[in-house]
Amino acid sequence: MTFDALELERYARHIVLRDVGGPGQQKLKAARVLCIGTGGLGAPIVMYLAAAGIGTIGLVDDDVVSLSNLQRQVIHGTPDVGRLKVESGRDAVARINPHVTVETHPARFTAENARALVEAYDIVVDGSDNFATRFLAADTAFAVGRVLVTAAVSEFDGSITTLAPHLPGHDGAPNPSYRCLFPEPPPRGLVPACAEAGILGAVVGVLGTLAATEVLKLVTGVGEPLFRRLLMVDLRSMRFETIDYRRNPATVRPSLG
């Protein structure tokens, strides 16, 4: 892929970056990334993927912008209240980087559409706000062979990991799946939703930016992704801790029909 003069100027700091360069920027331009959710986590994810020059970004979300979203969902503004988030997100990407193509999917991510959505992209990043969607995203990515970056937040903390259970690790052993970390979703109501417990707005910015960084690393082949590692972030005390996890022998490939 070639770049015009405006793209060369826009991506100059990537192109001079030793580990990215022109070839890395070409990979970014060729990449197709699906972002599940365009809310708190999705907002910084989409902003940084667009700014970095990801060629095609898919946005899947059936929600509309509400005033209470704006304390943390920085891709949307006051004039967007009442609009579909995927449409507001698309317009924000156009303002950030007109070289990026946005494919909008104004629908909930469900068992009926999950496979078709995931198969249409190279990498999936999950910024959803509920366990049902996280498990569905993880099971679907596993089944169709896509790498998944998944993040979650709550109040003052969050976590993030990168999953590739369809691929062997550096030691030849299979990588773990999401269910190796969390075998089943917690009972409904056990973990309070954001609307009930609240959340510090900047927390989603930190975790969303980390998720976007993982995607950019995966596309360019730079560094070490969070395979087999869960990064836990406590922003109340500003602590970052990483735990290792392995494939559970009881874990099997999910069947999605």
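Nearest 0.05, what FRET efficiency do residue 113 and residue 66 give at R0 = 25 Å with Cβ-Cβ as r?
Working: r = 24 Å, r/R0 = 0.95.
For residue 113 and residue 66, the calculated efficiency is 0.60.
At the listed q of 0.20, 0.22, 0.25 Å⁻¹, the Debye profile of segment 14-86, built from one uniform point per Cα, gives log10 I(q)/I(0) equal to -0.80, -0.89, -1.04. Length gained on full extension, residue 17 to residue 173, computed as 0.36 nm times the residue gap minus the Cα-Cα distance: 52.9 nm. Sorting 96, 36, 243 by the number of Cβ atoms found within 10 Å of their own Cβ, with the fewest placed first, yields 243, 96, 36.
Take the Cα of residue 246, step 7 Å toward its Cβ, do the same at residue 197, and the gap between the two points is 3.0 nm. Tell me, what is the FRET efficiency for residue 8 and residue 95 to the nearest 0.05, using R0 = 22 angstrom and their Cβ-Cβ distance as r? It comes to 0.60.
Sequentially through segment 120-134, phi angles give Karplus couplings (6.51, -1.76, 1.60; θ = phi - 60°) of 7, 10, 7, 9, 10, 10, 9, x, 6, 10, 8, 5, 4, 5, 4 Hz, Gly and Pro residues having no value and appearing as x. Measuring nothing but how far apart in sequence close Cα pairs (under 8 Å, 6+ apart) lie, relative to its length, segment 98-149 scores a relative contact order of 40 percent. Selection among 243, 99, 68 by position relative to the dipole of the chain gives 243 as farthest towards the positive end (Cβ unit charges, Cα centre). Here the chain carries DSSP beta bridges of which approximately 50% are antiparallel, counting only pairs with both residues inside. Across the chain, the fraction of Cα-Cα pairs farther apart than 35 Å, rounded to a whole number, is 11%.
Taking segment 99-117 and a reference point 7 angstrom along Cα→Cβ of residue 130, the backbone N atoms nearer than 16 Å belong to 107-114.
A short reminder: the numbers here are calculations on the coordinates, not readings from a lab. Note that the structure is a prediction, hence the values are computed from the model and not measured. Reconstructed Cβ throughout: ideal geometry from the backbone, glycine too, with neighbour counts over all protein chains shown.
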